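Asker: One structure, as structure tokens, below. Some questions next.
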Amino acid sequence: MSRPRFSLRASLLATLVLASTAQAQDKYRDPPDAIRRILDAEPLPIANVSPDKTQLVLLRRPGLPSIEKVAAPDVKLGGLRFDPRTNGPTRTFDFTGIQLQAVSGGAARTVAMTLPPQATLGNIRWAPSGDRIAFTVTTSNAITLWVANTTNATARQVSARPLNAVLGTPCEWLSSEPALVCTFVPTGRGAVPKAATTPEGPIIQETAGGREERAATYQDLLKSPYDEKVFEYYGTSQLAKVTLDGRVTPIGSQAMYAGVTPSPDGRFLLQNVLSKPFSYQVPFFYFPTRTEIVGLNGTVAKVLTSRPLVERVPWGGDAAVPGPRNARWRADAPATLVWVEALDNGDSEVAAAKRDRILMLEAPFSGQGRTLMETTDRAGNIWWANANLAVVREQRARTRRAKTWIINPSDPSASPRLLWDRSSEDRYGDPGNFVTQQNAQGQAVLATTPDGKSAFLIGQGASAEGDKPFIDKLDVATGKSTRVFQSVAPYYEQPIGLLDANGGRLLTMRESQSEPPNYFVRDVAGGAQPRQLTRFADPAPQFSGVKSQLVTYTRPDGVQLSATMYLPPGYEASRDGRLPFFLWAYPLEFRTREAASQVVGSPHRFVRPTGPSHLFLLLQGYGVLDNPTMPILGENGAEPNDTYIAQLTASAKAAIDKVVDLGVADRAKIAVGGHSYGGFMTANLLAHSNLFRAGVARSGAYNRTLTPFGFQGEERTYWDAEEIYSKMSPFNYADSVSSPILLIHGMADDNTGTYPVQSERFYAALKGNGKTARYVQLPAEAHGYRARESIGHTLWETVTWLDRHVKGNATVVP
């Protein structure tokens, strides 16, 4: 479908003049009973391993929160959302209880504690010694510090003084003594600033020109001097040391602490402190920041950098902020600061032989630091093992290349040794991630054998048959890997960590199509059957009859595609005939045909739907093609999005042809859906093809002129690629949308680029062009939906819409 080239002014004008129609507020609806029962089931707990690897902490999770809780008033400032009553973030994933499971076996012990009503737990932190667990308890009006004793399985409140978690994690352990450093709400803070009842004057922003200051479409920014006062009020904390007997000793003065990390030896703190001037264009992490090292008495030992306000945001995946960045402690040393500095001033577009420098500075932090290594591309992760061994990774996002080096931190004259130079998008060739373990100071260091000659790697084991997780032993001297363990059908078994230094015993999580994920101890050396530690039950036995199959197929240009196909419980094609089908997808960009063709997923996963999952449709008589790969490929210097529409529709047609050829799908009854970039994909497929009977688009962006400085993997601006932006905007093709589309959007969407106005204006365009559409706004919901009422209603809308427009047998949607 051809279209004339759009101008920015014309497209924006069209957006502005299409006003939305009057809306009626409906009551929340519940999905069918089979879905409702699963939504209300208790979720499986989450496990965490102790530093000494002798215990698992099992964290019990609550059910879906109520809309009352999700819609509670919050403050949206500086790119943050926080609860003014608790001085902590909203929309967190909390817990309701703790159990301890010994790795040696036996029954799990419930940690006894007396909690206030409706309290939740969060910020779980093992003590370096492994005998205590710190956590926070959030009530309706405060966050406080608690500690659990793993010996007697009891927990108590350490201090009733309210913590301040607005700008980050409020507490961290010290390794030097049984104590923590925490950020507290300042004593005597006073009342929150009041807004003026009469405006004092206009709010003005100005740019002098001559300097490009691009920024993404960030949400929840400051908008006025009053916002600045409120942000400073809630962001200011008092840093203090807290001993386990409840004594609170202040450290330094009140400030806006945006991250405080104790040194491994517990003698120093590395802290980031925000200051004015604030910005109305960027979130708080670009505000002026002083990165410094202080002693536990508050004395400043070193100011690493006082970075000014950054409104010229690093643009593209390879850009960086000028000056020192990513400061952190060296994990294997008592008190050594490590940071990175850009050698190209953070501009990845300029020619440079080296782009980054990694520096170190030991206590007492005098001087400017010693260069550890210079990298050709952007410096990434560093895994520290000991004085003579560390591993450094660098990467270039644009070319999808990643290099991994072995270095000797103690010998500046020793050249780094290249371990791997590979494509970061090649899943089949991924050697895995290095395994770490906590040392006596509670720091994550490289896990090595006792002789220091070998390290370990855990990977997904992607292959043409699907993912087969593994753990390898890497000979540091030769760079050669030996397979220690790999998952074997019919199981999907993921290594979690090492239980001994030689890799002979492993902790794994094993599942299959019929068995829920549980933790096992596997004796690799002995070859015995793994010993099961946990016995989590199936949270949704209604799904036990669902059949899944990993399928592969090829689109016309030769790119191989894959998906996981699910069929409803009890379905037999020969008896029941062809099904209505639903495709749920999310496009990804690639630079090589080989990577784009790789299989994604595993046929051996235990799959149970949660939240507003599309898999619930299996209980309503639909087949589901989950995550059919939609690669957008850019080869030989071309950008992937240059042919976005053609590749997208070709992938969708190939997926449809596959399920039809398998004899399970009715070609005339196939719908498509997606969330965020998947919602954007859905609208484009309905605008540029006649492949689908209906669509469901959740929280998408449909007019790319509203994200003019890039989106997803697109680094070009609107002014660099006006035609591409226009062709990829389904808003511009609203008159060509061929099938009914259901738009759902959270009214408090906080994701960059997906303002609710995106769905609002797209619906207005569809309505104005006489198309069949429904626009559902979910009050108080962000980019991901959380409230039980919202999720239930989303599923009701989805089932009702598809039954009406795909099956054609539902009652009319009111």
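Asker: Assuming R0 = 41 Å, what is the FRET efficiency of Asn386 and Gln157, from their Cβ-Cβ distance, to the nearest 0.05? Provide the component values of the computation, followed by the final result.
Answerer: Working: r = 39 Å, r/R0 = 0.95.
The calculated FRET efficiency here is 0.55.
Asker: Using +1 on the beta carbon of Lys and Arg, -1 on that of Asp and Glu, and nothing else charged, what's the dipole of the chain about the Cα centre, debye to 20?
Answerer: Details: 86 positive and 77 negative charges, 161 e Å.
Around 780 debye, computed over the chain.
Asker: Work out how much length Ser410 to Thr96 would gain on full extension: take 0.36 nm times their residue separation and subtract the Cα-Cα distance, in nm to one decimal.
Answerer: 108.4 nm
Asker: Calculate the dipole size of the range 592-699 relative to its Cα centre from +1 charges on Lys and Arg beta carbons and -1 charges on Asp and Glu beta carbons; express the result in debye to the nearest 20.
Answerer: On the way: 9 positive and 8 negative charges, 93 e Å.
Computed charge dipole of the range 592-699: roughly 440 debye.
Asker: Modelling each spin label as a point 7 Å along the Cα-to-Cβ direction, I'd like the Thr299/Thr376 distance in nm, to one decimal.
Answerer: Label-label distance for Thr299 and Thr376, simple model: 4.7 nm.
Asker: Right, something else. What percent does the relative contact order of the range 463-597 come to when contacts are Cα pairs within less than 8 Å and at least six residues apart?
Answerer: Working: 189 pairs, mean separation 16.1, N = 135.
Relative contact order, the range 463-597: 12 percent.
Asker: Contour minus end-to-end for Ile203 and Gln486, with contour as 0.36 nm per residue of separation and end-to-end as the Cα-Cα distance? Each step should come with its number before you reach the end.
Answerer: Details: separation 283, 0.36 × 283 = 101.88 nm, distance 6.08 nm.
Between Ile203 and Gln486, full extension yields an extra 95.8 nm.
Asker: Okay, moving on. Take the alpha-carbon centre of the range 120-184, take the same for the range 399-434, and report the distance between them in whole Å.
Answerer: 37 Å
Asker: Nothing charged except the Cβ atoms of Lys and Arg (+1) and of Asp and Glu (-1): what's the magnitude of the dipole of the range 187-246 about its Cα centre? Round to the nearest 20 debye.
Answerer: On the way: 7 positive and 9 negative charges, 34 e Å.
Result for the range 187-246 is approximately 160 debye, rounded to the nearest 20.
Asker: Which entries of Lys27/Lys69; Lys276/Lys354; Lys480/Lys547; Lys302/Lys473; Lys354/Lys468; Lys669/Lys767 show an alpha-carbon separation above 28 angstrom in the structure shown? Don't jump to the answer; show the numbers that get you there.
Answerer: Values: Lys27/Lys69 17 Å; Lys276/Lys354 33 Å; Lys480/Lys547 39 Å; Lys302/Lys473 40 Å; Lys354/Lys468 37 Å; Lys669/Lys767 24 Å.
Those over the limit are Lys276/Lys354; Lys480/Lys547; Lys302/Lys473; Lys354/Lys468.
Asker: Each residue of the range 562-577 in order: what ³J(HN,Hα) in whole Hz does its phi give by Karplus 6.51 cos²θ - 1.76 cosθ + 1.60, θ = phi - 60°, with x for Gly and Pro?
Answerer: So the Karplus estimates, Gly and Pro as x, are 8, 6, 9, 9, 10, 10, x, x, x, 6, 10, 4, 5, 8, 9, x Hz.
Asker: Rank these residues by their accessible area, most exposed first, probe 1.4 Å: Ser544, Ser176, Ser699. Mind dumping the intermediate values first?
Answerer: Numbers: Ser544 85, Ser176 65, Ser699 0 Å².
If we order Ser544, Ser176, Ser699 from most to least accessible, we get Ser544, Ser176, Ser699.
Asker: Can you compute 3J(HN,Hα) from phi for each residue in the range 427-444, using the Karplus curve 6.51 cos²θ - 1.76 cosθ + 1.60 with θ = phi - 60°, rounded to whole Hz and x for Gly and Pro?
Answerer: Karplus-based 3J(HN,Hα) across the range 427-444 equals 6, 5, x, 5, x, x, 9, 5, 7, 10, 9, 7, 8, 5, 8, x, 9, 7 Hz.
Asker: Hey, another quick one. Give me the accessible area per residue for the range 708-768, probe 1.4 Å, as a whole number in Å².
Answerer: Values: 1910 Å² over 61 residues.
For the range 708-768, the solvent-accessible area averages 31 Å² per residue.
Asker: Still on this model: Sequence-distant or interchain residues sharing an amide H contact under 5 Å with Asn164, placed H: which?
Answerer: Amide H neighbours of Asn164: Thr183, Phe184, Val185.
Asker: Also: Taking amide H positions as placed in the peptide plane 1.01 Å from N, state which residues far from Ser66 in sequence (5 or more) or on other chains have amide H under 5 Å from it.
Answerer: Correct list: Arg788.
Asker: What net charge do the residues around Thr120 carry, taking every other residue with its C-beta under 11 Å from that of Thr120, with Lys and Arg at +1 and Asp and Glu at -1? Intermediate values should be presented prior to the final figure.
Answerer: On the way: positive: Arg60, Arg61, Lys69; negative: Asp94.
That works out to +2.
Asker: Hey, if you put +1 on the Cβ of every Lys and Arg and -1 on every Asp and Glu Cβ in the chain, which of Asn326, Ile35, Tyr733 ends up farthest toward the positive end of that dipole?
Answerer: Result: Ile35.
Asker: Please work out the FRET efficiency for the pair Arg85 and Lys276, using the Cβ-Cβ distance as r and a Förster radius of 35 Å; give the result to the nearest 0.05.
Answerer: Details: r = 26 Å, r/R0 = 0.74.
E(calc), rounded to 0.05, equals 0.85.
Asker: Here is a follow-up. How much FRET efficiency would the formula 1/(1 + (r/R0)^6) give for Asp451 and Thr261, where r is the Cβ-Cβ distance and R0 is 25 Å, rounded to 0.05?
Answerer: After rounding to 0.05, the efficiency reads 0.20.
Asker: What number in nm² do you get for the range 407-556 if you take the convex hull of its Cα atoms and divide its surface by four?
Answerer: Values: hull surface 53.0 nm².
The number I arrive at for the range 407-556 is 13.3 nm².
Asker: Solvent-accessible area of His604, probe 1.4 Å, all protein chains present, reported in Å² to the nearest ten, please.
Answerer: His604 has an accessible surface of roughly 50 Å² with all protein chains in place.
Asker: For the chain, what does -39500 (n - 2.57) per DSSP helix run (n ≥ 4), summed and divided by total residues, give at 222 nm, in deg cm²/dmol to the nearest 500? Working shown, then result.
Answerer: Details: 11 runs with 104 residues, N = 814.
The helix contribution divided over the chain gives -3500 deg cm²/dmol.
Asker: Residue by residue through the range 310-316, which ³J(HN,Hα) values in whole Hz follow from phi under the Karplus form 6.51 cos²θ - 1.76 cosθ + 1.60 (θ = phi - 60°), with glycine and proline marked x?
Answerer: Along the range 310-316, the couplings run 10, 10, 8, 5, x, 10, x Hz.
Asker: Does the range 304-459 come out rounded, prolate or oblate by the C-alpha gyration tensor, with a ≥ b ≥ c the root eigenvalues, rounded set by a/c under 1.5 and, if not, prolate when a/b is larger than b/c and oblate if not? Spell out each step's value before the answer.
Answerer: On the way: a/c = 1.83, a/b = 1.16, b/c = 1.58.
It is oblate, given that a/c is not under 1.5 and a/b is not larger than b/c.
Asker: If I compute solvent accessible area with a 1.4 Å probe over the protein chains, what percent of it on the range 326-415 is carbon and sulfur?
Answerer: Values: 1710 of 3850 Å².
Using a 1.4 Å probe with all protein chains present, the range 326-415 comes out at 45 percent carbon and sulfur.
Asker: Placing +1 on the Cβ of each Lys and Arg and -1 on the Cβ of each Asp and Glu in the chain, which of Leu742, Leu457, Ser651 has its Cα farthest towards the positive end of the resulting dipole?
Answerer: Leu742
Asker: Let me ask something else about it. Quick check: net charge around Lys403, other residues with Cβ under 15 Å of its Cβ, Lys/Arg +1 and Asp/Glu -1? Could the numbers behind the result be given before it?
Answerer: Details: positive: Lys354, Arg355, Arg378, Arg393, Arg396, Arg398, Arg400, Arg401, Arg417, Arg422; negative: Asp318, Asp356, Glu374, Asp377, Glu394, Asp421, Glu425, Asp426, Asp430.
Here the count lands on +1.
Asker: Once amide H atoms are placed 1.01 Å from N in the peptide plane, what residues at a sequence separation of 5 or more from Gln55, or on another chain, have their amide H within under 5 Å of its amide H?
Answerer: Amide H neighbours of Gln55: Ser50, Val103.
Asker: Hey, if you put +1 on the Cβ of every Lys and Arg and -1 on every Asp and Glu Cβ in the range 179-244, which of Thr217, Ala191, Thr243 ends up farthest toward the positive end of that dipole?
Answerer: Farthest towards the positive end: Thr243.
Asker: Let me ask something else about it. Leaving ligands, DNA and RNA out of it, work out the accessible area of Arg214 with a 1.4 Å probe and give it in Å² to the nearest 10.
Answerer: 60 Å²
The values are calculated or read from the model by the stated rules, or taken from the named source; none is laboratory data. This is a predicted model, so every value here is computed, not measured. Every residue, glycine among them, receives a Cβ derived from its backbone with ideal geometry; neighbour counts consider all protein chains shown. SASA here: full protein model, heavy atoms, side chains in, ligands and nucleic acids out. Shrake-Rupley method; radii C 1.70, N 1.55, O 1.52, S 1.80 Å.
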